[in-house]
Amino acid sequence: MFICAVAAGLLGATRIARAQQPAMPLIGFVRSGSLKGTETWVAAFRQGLKETGYVEGQNVAIEFRSADDHRERLPAIIAELIRRPAAVLVVNAAAAEAAKAATATVPIVFATGGDPVKDNLVASFGRPGGNITGVAR
C-alpha cells in the first residue's frame with residue numbers, strides 16, 4: 001500500500017506542476033523481468049490506487065512494460081514512458097537504476113528486496129533525495 005500512496009501523492013503533485021500533463025495522468029509500471037506471475041502485485045497496486053481515489057481508465061492510465069530479463073532494454077522502455085509523458089514511474093530495483101539514470105524530474109517509486117542505499121538508488125532511508133523513493137523488504 002505504501003507504493004500506491006506514494007504514487008497517488010506524486011500523481012497529484014505532478015498534475016499541478018506540469019502544465020503539459022495530459023488530462024489523465026499516466027503511470028509507467030516497469031519491471032526488468034517478466035510481468036508473468038505479477039498478477040497478485042498488479043491487483044494489489046490497482047486496489048491501492050483505487051483506495052486513494054485513482055481508478056484505471058477513469059482518472060489514471062497505467063502502462064505496463066517489461067524488459068523480459070533483458071536489462072539492456074530498460075533505458076529505451078524508460079525513455080519512451082518519459083516522452084509520453086509519464087507522471088510517475090513505478091519500478092523494481094533494476095528498472096529503478098535505469099529510471100534514475102534517465103530522469104531527474106519524473107518521480108520514481110521503487111520496490112526492492114535489496115538495500116536501496118547500498119545499491120545507490122537513494123542517499124539514505126530517511127532522506128532518499130532527488131526524485132526517487134520506495135520501499136525495501
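The values are calculated or read from the model by the stated rules, or taken from the named source; none is laboratory data. All of these numbers come straight from a predicted model, not from anything done at the bench. Backbone-built Cβ (ideal geometry, glycine too); neighbour counts: all protein chains shown.
Brief remarks follow.
- Residue in the range 120-133 that is part of a helix (DSSP H, G or I), under 12 Å from the mean Cα position of the chain (by Cα) and modelled with pLDDT of 95 or more present: no
- Tabulated pairs, the range 123-137, first farther than 15 Å from V106 by Cα, second among the polar types (S, T, N, Q), C-beta under 8 angstrom, 6+ apart or interchain: V135/T112; A136/T112; R137/T112
- For the residues F45, F64, F29, the requirement of being under 15 Å from A111 (Cβ atoms), assigned to a strand (DSSP E or B), free of Cβ contacts under 8 Å to residues at least 60 places away in the same chain and touching a helix residue (DSSP H, G or I) at 6+ places or on another chain (Cβ under 9 Å) singles out F64.
- Search result, residues across the range 76-100 that are in contact with a helix residue (DSSP H, G or I) (Cβ under 7 Å, 6 or more places away or on another chain), within 23 Å of A136 (Cβ to Cβ) and part of a helix (DSSP H, G or I): I78, A94, A95, A98, A99
- H70, sole failed condition from (1) of a type outside the set (F, W, Y); (2) exposed (fewer than 13 other Cβ atoms within 10 Å of the Cβ); (3) in contact (Cβ under 8 Å) with a residue 40 or more places away in the chain: (3)
- Annotation: A99 fulfils all but one of (1) modelled with pLDDT under 95; (2) within 20 Å of I27 (Cα to Cα); the unmet one is (1).
- Of the candidates T40, T52, the single residue that is among the hydroxyl-bearing types (S, T, Y), loosely packed, with under 15 Cβ neighbours inside 10 Å and over 16 Å from A23 (Cα atoms) is T40.
- Among residues that are in contact (Cβ under 8 Å) with a residue 40 or more places away in the chain and either among the acidic types (D, E) or surrounded by 13 or more Cβ atoms within 10 Å (Cβ to Cβ) (or both), A95 is included.
- Note on the range 28-47: residues that are closer than 20 Å to A93 by Cβ and within 14 Å of the chain's Cα centre (by Cα) amount to 8.
- Of everything in the range 101-129 that is among the polar types (S, T, N, Q) and closer than 21 Å to A86 by Cβ, the residue that is surrounded by the most Cβ atoms within 10 Å (Cβ to Cβ) is T103.
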